Each structure stands twice: as structure tokens, then as C-alpha cells.
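Worksheet: the structure to be examined is printed underneath.
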Amino acid sequence: MGTHALKGELRVEPWCDSPDFFKGFTTLYYDEKGTAKAEITSCRSHGSLVLLCLEGVSGVEAAAALRGKTLYIRRADAKMPEGSYFIAELIGCEVFDADEPSRRYGTLTDVTRTGANDVWHIRGERGREYLIPAIPDVVVSADVGKNEVFIRPLKGIFDDEN
């Protein structure tokens, strides 16, 4: 987060698919636990960034004091389509075969954003990392509440895990 202009407007890099997603919030938080509120008084997209004003931040000095800080949302406040998840919700999910659910491939440890599609990093039982494209032909379903993802991997990816 950095400053924009002289009236306390903040330049924020949104860690989401689109800056427009950010516009759906009226409250952000200065801490992960959601105890220190930051009420939004204005918010607009500016390319890949968001320019916003927060209540009580009314000058370049006050805005500069927030430089480099992270703002948080409450998951309950996020309006997302069915079947959509935050990357943080997917990290740590156990990955299983969609056609043979007793076959566990490993744990989803990271997601790389490539532009065309996300790439999921899966740590196998033997510690090897596998990369799979997060495309509809491969990812069959995800239930972050149960910490499970079911995939139909491309041929040959997990052959050495047997």
C-alpha cells in the first residue's frame, strides 16, 4: 500500500482476481483477526490497482504512515460465486483422484497465477512437487470446508508416485 495524491488517498494492490472485486467492501481491517476496522469512504479502480480513502486518513502524512501495510477482509463479507475460492482456502487441501477417491495424490501447497490458468503445486507422499493446471478438465471439485480437492490428472503426471 502506498499514497496517491495529497488528500490521503491510498494506492492498494488487491490480492484478488480483479480490482473491481475490492469495490464490494465497505470495511477492511488493519489486522488479520478483524479487530481494527478501516471504514472505506471511497474506492475506485486505477488499472490493476485500487485507489481508496479510509475514514480517519485525511492527508498525505496519515496515508504515508500506512505505506507497506496489509489490509484484510473478512471471508464472510466476500460475495463470491458458487465454486469459487480464495487461494488461501485451497492451500493445505488434500488432493484425491476424482474417479478413485481412495487414491491420494498429496497436499496442495501453492498456486501460481500464469494468466492463462492457475497452476496448482501438489506435494506428493514422497516429498516431490507436482504441477497441475487448474482447468475444468483436471479439477473436478473442491470442498474447502472438508479440506478436499478432487482431480482427474493429465496422463503421466503422478506415475512415479506408485
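The values are calculated or read from the model by the stated rules, or taken from the named source; none is laboratory data. In this text, all values refer to a predicted model and were calculated from it rather than measured experimentally. Cβ coordinates were reconstructed from backbone atoms using ideal geometry, including for glycine residues, and neighbour counts include every protein chain displayed.
For this structure, a couple of remarks:
- Selection count where residues are among the charged types (D, E, K, R), over 13 Å from Ile157 (Cβ atoms) and surrounded by fewer than 16 Cβ atoms within 10 Å (Cβ to Cβ), scope the range 119-136: 2
- Residue match in the range 98-109 (condition: aromatic (Phe, Trp, Tyr) and not in a strand (DSSP E or B)): no
- Every residue from the range 72-90 that is under 19 Å from Lys33 (Cα atoms) and either under 12 Å from the mean Cα position of the chain (by Cα) or part of a helix (DSSP H, G or I) (or both): Tyr72, Ile73, Arg75, Ala76, Asp77, Ala78, Phe86, Ile87, Ala88, Glu89
- Just one of the listed residues (Ala76, Ala88, Ala116, Ala63) is in contact with a Ser or Thr (Cβ under 9 Å, 6 or more places away or on another chain) and either assigned by TED's automatic domain parsing to the domain that holds Cys16 or surrounded by fewer than 16 Cβ atoms within 10 Å (Cβ to Cβ) (or both), and it is Ala63.
- Subset of the range 16-56 (residues that are of a type in the set (Val, Ile, Thr), part of a loop (DSSP other than H, G, I, E, B) and surrounded by 12 or more Cβ atoms within 10 Å (Cβ to Cβ)): none
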